[in-house]
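Novice: A single structure is presented below for examination.
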Amino acid sequence: MMRILALLLFVTAVPSVRVLADDSRQTSQRLNATIKVEMGYLLSLPKDYETKESWPLVLFLHGSGERGDDLELVKKHGPPKLIGEGKEFPFIVVSPQCPGSQSWRAIELTALLDEVTRTQKVDQDRIYVTGLSMGGFATWELAAFAPTRFAAIAPICGGGDPGWTRRFKHLPTWAFHGAKDLGVPVERSQEMIDAMTKYGGTPKLTIYPEAEHDSWTETYNNPEFYEWLLAQKRADIKE
């Protein structure tokens, strides 16, 4: 009993240790740098561009197969392909090219949009993003990166982190996917749509029963797709 009491007295006798802040070990600093962004892109203006003060803008993001430094590759699919074939759109189309071996980066795409909206007659309330495969993934990511900038998004055979959708749950969204897609399973789009719905959004998902990875040709050839897109306005989005 005496040994236990002695041990308790020893423990209680140990003085408390004070940790004094050593300001010399870390000092306050501030980064002030400009990040250089270089990106080739195709720009298509409506035929009667000069007749209006502002126009809607569609940002098209290609898939992994069109990466590189040859802009002709960007014309392989989607709106750039249709424009190359003579189709005229009633909106500005911006189709950047991702450098080879890289992936789309939201901060760089944001810089591109900043430049285009500064130099062209863009309606800030009618900016839309669509993309396929790698570009479909980037469409979801860009919406999460700048959730209040866009009037609508249309990701095709893409996917992402379902948690992102909490940031843009009320953003008008129409996703597309092929039921037989082996490259990007249709579940990738479904889980994003389900998450948006869970958070209170009302997104749309079109699944083509017989389509494999190419679910973009039918989408971009559908006039109803563009009608829906142009009907969306950022000012109309209600939280």
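Novice: Among the residues of segment 42-81, count how many are assigned to a strand (DSSP E or B) and surrounded by fewer than 18 Cβ atoms within 10 Å (Cβ to Cβ).
Specialist: Qualifying residue count for the region: 1.
Novice: Looking only at segment 219-238, which residues are farther than 22 Å from residue 80 by Cα and either part of a helix (DSSP H, G or I) or modelled with pLDDT of 95 or more (or both)? It would help to see each step written out before you state the result.
Specialist: Going through segment 219-238, the residues farther than 22 Å from residue 80 by Cα turn out to be 233-238.
233, 234, 235, 236, listed by residue number.
Novice: Could you say which residue among 201, 160 is over 26 Å from residue 81 (Cβ atoms), in contact (Cβ under 8 Å) with a residue 12 or more places away in the chain and assigned to a loop (DSSP other than H, G, I, E, B)?
Specialist: Values: 160 fails: over 26 Å from residue 81 (Cβ atoms).
Step by step, each of 201, 160 is checked, and only 201 is over 26 Å from residue 81 (Cβ atoms), in contact (Cβ under 8 Å) with a residue 12 or more places away in the chain and assigned to a loop (DSSP other than H, G, I, E, B).
Novice: To continue, here is another question. In this structure, is residue 154 over 16 Å from residue 230 (Cβ atoms) and either touching a residue at least 40 places away in the same chain (Cβ under 8 Å) or not in a loop (DSSP other than H, G, I, E, B) (or both)?
Specialist: Values: over 16 Å from residue 230 (Cβ atoms): no; either touching a residue at least 40 places away in the same chain (Cβ under 8 Å) or not in a loop (DSSP other than H, G, I, E, B) (or both): yes.
So residue 154 does not fit the description; no.
Novice: Right, here's the next one. Residues to consider are 118, 3; find the one that is in a helix (DSSP H, G or I), basic (Lys, Arg), modelled with pLDDT under 90 and at negative phi. Break it down stepwise before answering.
Specialist: Numbers: 118 fails: modelled with pLDDT under 90.
Of 118, 3, the one residue that is in a helix (DSSP H, G or I), basic (Lys, Arg), modelled with pLDDT under 90 and at negative phi is 3.
Novice: Looking at 165, 139, which one is among the β-branched types (Val, Ile, Thr), over 18 Å from residue 228 (Cβ atoms), crowded, with 23+ Cβ neighbours inside 10 Å and at pLDDT 95 or above? Write out each step before concluding.
Specialist: Details: 139 fails: over 18 Å from residue 228 (Cβ atoms).
Matching residue, one of 165, 139: 165.
Novice: Determine the pairs where a residue that is on the phi < 0 side of the Ramachandran plot, located within segment 169-198, has a partner that is at pLDDT below 95 and not in a helix (DSSP H, G or I) with Cβ atoms under 6 Å apart, the partner being 6 or more residues away or on another chain.
Specialist: Short answer, once both residue conditions are applied: 170/237; 170/239.
Novice: How many residues does segment 156-210 hold that are among the polar types (S, T, N, Q) and closer than 20 Å to residue 78 by Cα? Show your work before the answer.
Specialist: Pass one, segment 156-210, residues among the polar types (S, T, N, Q): 165, 173, 189-190, 197, 202, 206.
The next check asks that each one be closer than 20 Å to residue 78 by Cα; those that pass are 173, 189, 206.
Matching residues across segment 156-210 total 3.
Novice: If you don't mind, another one. Please go through segment 204-218 and pick out each residue that is more than 28 Å from residue 55 (Cβ to Cβ) and assigned to a strand (DSSP E or B). Don't jump to the end; show me each part of the working.
Specialist: Going residue by residue through segment 204-218, those that are more than 28 Å from residue 55 (Cβ to Cβ) are 205, 207-214.
Hits for segment 204-218 are 205, 207, 208.
Novice: Inside segment 182-192, can you point out the residues that are surrounded by fewer than 14 Cβ atoms within 10 Å (Cβ to Cβ) and either within 18 Å of the chain's Cα centre (by Cα) or not in a helix (DSSP H, G or I) (or both)? Quick ask: steps written out before the conclusion?
Specialist: Let us first name the residues in segment 182-192 that are surrounded by fewer than 14 Cβ atoms within 10 Å (Cβ to Cβ), namely 182-183, 187.
Within segment 182-192, 182, 183 meet the criteria.
Novice: When you look at residue 195, is it assigned to a strand (DSSP E or B), of a type in the set (Gly, Ala, Ser) and modelled with pLDDT of 95 or more, yes or no?
Specialist: Numbers: assigned to a strand (DSSP E or B): no; of a type in the set (Gly, Ala, Ser): yes; modelled with pLDDT of 95 or more: yes.
For residue 195, the condition - assigned to a strand (DSSP E or B), of a type in the set (Gly, Ala, Ser) and modelled with pLDDT of 95 or more - is not met.
Novice: Now a separate question. Quick one: how many residues across segment 133-149 are outside any helix (DSSP H, G or I) and either out of contact with any helix residue (DSSP H, G or I) (no Cβ under 7 Å at 6 or more places or on another chain) or free of Cβ contacts under 8 Å to residues at least 40 places away in the same chain (or both)?
Specialist: Taking segment 133-149 as the starting set, the residues that turn out to be outside any helix (DSSP H, G or I) are 133, 146-149.
Now drop any that are not either out of contact with any helix residue (DSSP H, G or I) (no Cβ under 7 Å at 6 or more places or on another chain) or free of Cβ contacts under 8 Å to residues at least 40 places away in the same chain (or both), which leaves 147-149.
Adding up the residues that qualify gives 3.
Novice: Moving on to the next point. Can you name the residue in segment 114-128 that is buried (at least 21 other Cβ atoms within 10 Å of the Cβ) and out of contact with any Phe, Trp or Tyr (no Cβ under 6 Å at 6 or more places or on another chain) and is also farthest from residue 155 (Cα to Cα) among such residues?
Specialist: Of the residues in segment 114-128, the ones buried (at least 21 other Cβ atoms within 10 Å of the Cβ) are 126-128.
Adding the requirement that they be out of contact with any Phe, Trp or Tyr (no Cβ under 6 Å at 6 or more places or on another chain) leaves 126, 128.
Working: 126: 17, 128: 11 Å.
Restricting to residues being buried (at least 21 other Cβ atoms within 10 Å of the Cβ) and out of contact with any Phe, Trp or Tyr (no Cβ under 6 Å at 6 or more places or on another chain), the top hit is 126.
Novice: Right, another one. Please go through segment 202-239 and pick out each residue that is over 19 Å from residue 159 (Cβ atoms), touching a His at 6+ places or on another chain (Cβ under 9 Å) and among the hydrophobic types (A, V, I, L, M, F, W, C).
Specialist: Listed by number, the list holds a single entry, 237.
Novice: Let me ask you something else. Using the structure shown, decide if residue 117 is free of Cβ contacts under 8 Å to residues at least 24 places away in the same chain and not aliphatic (A, V, I, L, M). Walk me through how you get there before you give the answer.
Specialist: Details: free of Cβ contacts under 8 Å to residues at least 24 places away in the same chain: no; not aliphatic (A, V, I, L, M): yes.
So residue 117 fails the test.
Novice: If you don't mind, another one. Can you work out which of the residues in segment 82-99 that are hydrophobic (A, V, I, L, M, F, W, C) and not in a loop (DSSP other than H, G, I, E, B) is nearest to the chain's Cα centre (by Cα)? Working first, answer last.
Specialist: Within segment 82-99, the subset hydrophobic (A, V, I, L, M, F, W, C) is 82-83, 89, 91-94, 98.
Among the residues that remain, those that are also not in a loop (DSSP other than H, G, I, E, B) are: 82-83, 92-94.
Details: 82: 23, 83: 23, 92: 18, 93: 16, 94: 15 Å.
In this case the residue turns out to be 94.
The values are calculated or read from the model by the stated rules, or taken from the named source; none is laboratory data. Everything quoted here is computed from the prediction, not taken from an experiment. Cβ atoms come from the backbone with ideal geometry, glycine included; neighbour counts cover every protein chain shown.
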